[in-house]
Amino acid sequence: MASASFILGIIGNAISLLMFASPMKTFRRVIKTKSTESFKGLPYITTLLSTSLWTFYGLLKPNGDGLLVTTVNGAGAFLHVIYVTLFLIYAPKNVKIGLFKLVAILDIGFLGVVIGVTLLALHGNIRLTLVGLICAGLTIGMYAAPLSSMRTVIKMRSVEYMPFWLSFFQFVNGGTWLVYALLIKDLYIAVPNGLGFILGSVQLALYGMYRNKSPSLFESKSIENGGGEKEIYDSKGEKGNNNEMKDINEKPIISEGGGGLIKKGTSLPKPSIAREYSQKLVKTLSMSQYAMSFYNEYNYNSFDDGDNEGRGSI
């Protein structure tokens, strides 16, 4: 009869494989359009490094204890070799040069150094310790990436910038591999996935709290204009009704400073502050390889057909 750890490992494999396979839709689009458009290549390059190191870690474990770790990450590494290759083929020339350098440094250079040092200079359990620490560090970075999104959710009281499926898969994937690691007593798998499980739980709780609310950062906020007058903006960044304001294409607009009417076509209202803020916010959100990748997938899918995809590793 199969042990509980083996069954959980199989479940974890299935979840991780689904996450590894999620970018396929994006790359179908890349092949069809023969362009990487605005998608980023860094997430795929760093995930290739992570899955390769986890595969090596699984091979180092004695008595076949790393079989499930090896199989799922070996499959993930294989898929990401394909993703990175396609990205290098269809990326613009100026982007392609930078990506080639990253592949050479991370996926060939750094990976080769780790494998070489481990096999040639280290012996016994020290090998497993070194590779385990590196793998755990990469996984902690993946799980910690959505922290900036969580701050945004709390600040804006909206889940617009925290995709549900990213949080859900982080919760399920982290919880499954945490229990598996505890059963086989592997701290290098348990610690990062325990953190992922906790952060995933917090994200789902935040999603439940704010999923039906619209952004309220600018709600009822008074903003002074150049003339000392105050303009009131609602949650969408639109002006309130403290002064009469009509559609510029229909009727004249009453100026804020009380200087009379502004004729049609001579002046335009100030751009929405909320809109400017949200544009800057999207550009400055800090994400690791997994969150960046998921965000690329999420933005495309929500524009295309509303489906959300994500990926990750143990």
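The values are calculated or read from the model by the stated rules, or taken from the named source; none is laboratory data. No experiment lies behind these values; they were computed from the predicted model shown. Please note: Cβ atoms are built from the backbone with ideal geometry, for glycine as well, and neighbour counts cover all protein chains shown. With ligands, DNA and RNA removed, areas are computed over all heavy atoms of the protein, side chains included. Shrake-Rupley method; radii C 1.70, N 1.55, O 1.52, S 1.80 Å.
When you check Gly200 against the structure, is it open to solvent by 30 Å² or more (accessible area, probe 1.4 Å) and not charged (D, E, K, R), yes or no?
Here the answer is no, as Gly200 does not meet what is asked.
Quick one: would you say Val95 is at pLDDT 95 or above, open to solvent by 10 Å² or more (accessible area, probe 1.4 Å) and either under 20 Å from Thr139 (Cβ atoms) or within 22 Å of the chain's Cα centre (by Cα) (or both)?
No; evaluated as a whole, the condition is false for this residue.
Any chance the range 142-153 includes a residue that's at pLDDT 90 or above, of a type in the set (Ser, Thr, Tyr), within 17 Å of Met19 (Cβ to Cβ) and open to solvent by less than 40 Å² (accessible area, probe 1.4 Å)?
no
With part of a helix (DSSP H, G or I), open to solvent by less than 10 Å² (accessible area, probe 1.4 Å) and closer than 24 Å to Phe56 by Cα as the only criterion, which of Thr176, Thr139 stands out?
None of the other options fit; the residue is Thr139.
Out of Val72, Val84, which single residue is touching a Ser or Thr at 6+ places or on another chain (Cβ under 7 Å) and of a type in the set (Val, Ile, Thr)?
Of the residues listed, the single one that is touching a Ser or Thr at 6+ places or on another chain (Cβ under 7 Å) and of a type in the set (Val, Ile, Thr) is Val72.
Name the single residue, out of those in the range 58-92 being closer than 30 Å to Thr33 by Cβ and of a type in the set (Val, Ile, Thr), that is most open to solvent (accessible area, probe 1.4 Å).
So the residue we want is Ile89.
Every residue in the range 210-219 that is more than 21 Å from the chain's Cα centre (by Cα) and either open to solvent by 90 Å² or more (accessible area, probe 1.4 Å) or modelled with pLDDT of 85 or more (or both), please.
Within the range 210-219, Asn212, Lys213, Glu219 meet the criteria.
Across the range 7-46, which residue is most open to solvent (accessible area, probe 1.4 Å) among those that are among the charged types (D, E, K, R) and part of a loop (DSSP other than H, G, I, E, B)?
Among those that are among the charged types (D, E, K, R) and part of a loop (DSSP other than H, G, I, E, B), it is Lys34.
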